[in-house]
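Below is one structure, written out as structure tokens, with a few remarks after it.
The values are calculated or read from the model by the stated rules, or taken from the named source; none is laboratory data. Bear in mind that the values here come from a model prediction, so they are computed numbers and not experimental data. Positions of Cβ are generated from backbone atoms using ideal geometry, with glycine treated the same way; all protein chains shown enter the neighbour counts.
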Amino acid sequence: MKEYLNPEIVGRIAGIGFKARQPVEGSIAGLHRSPLHGLSPEFADYRSYTPGDDLKNLDWKAYARSDRFYIKRFEEESNLRAVFIVDSSKSMAYGEPTFSKFDCAASIAVSMSAVLLKQRDAVGLAILNDRVQQDLRTGSTPSHLAKFQEVLQQIELQGETDIGPAVSQVADQIHRRGVVVVLSDLLTPLDPFYEALGKLQHAGHEIIVGHILHRDEVEMPFKDSVIFKDIEGEEEIFAEPWAFHKAYQAAMEEFIQETRQRCQYCGIDYLQIMTDDNLGGVLSSYLHNRQFAGAKTHRGRMSSLGSQSGDDNKTESVTANSPAPDQ
């Protein structure tokens, strides 16, 4: 049974930690801003004084300027709820026997969860292809990590990649605002997937898309005649890779670039990850950079490629398609 808790990855990212960029809703004290107003040191805004309010929160300087009583409100610190959505379709099985795309995604999910649990945050897990295969409710106890990894170890990769409807189903089950991390090769019908991301955004979640790819899929390194087999079906094609090598690389690069641009346009973090990357280095670099980055520019909520939903997409249109061939 494969071990997805990688001490090297955890060691690289534990010192950096993970902090939500936008307010989240939690039930215990933590590291993240909450939309609920409490008495933490970070000032939020003012409200008018009403009889019964604690006088220690009166702003006497504001009273001196306006001759009116105002109460200072502060942002309450909260724990984060993070849900990891892992693609378990058959295409995620591609890669080396000891480390497939799914293994890469599982290692990221477990390692990041270990860091979040150490911060007293809560983590949940949804494993899906064209439907939700496993759904582990959020938990924040140390023992929850063992269950988290156990579910990933026992999953069987099967079915076609059509994660949009399943992501939408997961979105309906998340009732508190938090962070959703999607780990997939994105070789899926994009319209329903983008619609599902839009639903998550509408609910106020912060979204991170981890685009997991094998280097073969990007570079097409094959030189001799090859039989390409549809990993999710029965179709086989005999082809000469040299005949379409440049066209394939150009199409794949366009797919990746347009997906990245579409996520960035909608204020969603996009992280491309190759299965042979040093995952500790990739994740530590990402977490370090997000600590110093400003608020994400949100120029429109994610929606299907064909829709032009008024204010959400009135300034520009970004399209994406998935030209990856059968493997």
Task: Subset of segment 104-154 [within 24 Å of Ser91 (Cα to Cα) and touching a Ser or Thr at 6+ places or on another chain (Cβ under 7 Å)] - done: Cys104, Gly124, Ile127, Leu128, Asn129, Gln133, Phe148
Task: Test for Val132: is it within 23 Å of Ile268 (Cβ to Cβ), crowded, with 23+ Cβ neighbours inside 10 Å and either outside the structural domain of Gln272 (by TED's automatic domain parsing) or of a type in the set (A, V, I, L, M) (or both) - done: no
Task: Search result, residues across segment 173-194 that are surrounded by fewer than 19 Cβ atoms within 10 Å (Cβ to Cβ) and under 29 Å from Glu253 (Cβ atoms) - done: Pro189, Asp191, Pro192
Task: Matching option when the condition is surrounded by fewer than 19 Cβ atoms within 10 Å (Cβ to Cβ), within 21 Å of the chain's Cα centre (by Cα) and modelled with pLDDT of 75 or more, among Lys101, Lys19 - done: Lys19
TODO: Return a yes/no flag: does segment 67-81 have any residue that is in a strand (DSSP E or B) and either modelled with pLDDT of 95 or more or aromatic (Phe, Trp, Tyr) (or both).
DONE: yes
- [ ] Select the helices (runs of 4 or more DSSP H) contained entirely in segment 126-228, then report the ones holding at least 1 residues which are more than 16 Å from the chain's Cα centre (by Cα) and within 21 Å of Leu279 (Cβ to Cβ).
- [x] 142-154, 215-219
Open item on the list: Suppose the filter is modelled with pLDDT of 90 or more and of a type outside the set (D, E, K, R); does Ile273 pass it?
Closed with: yes
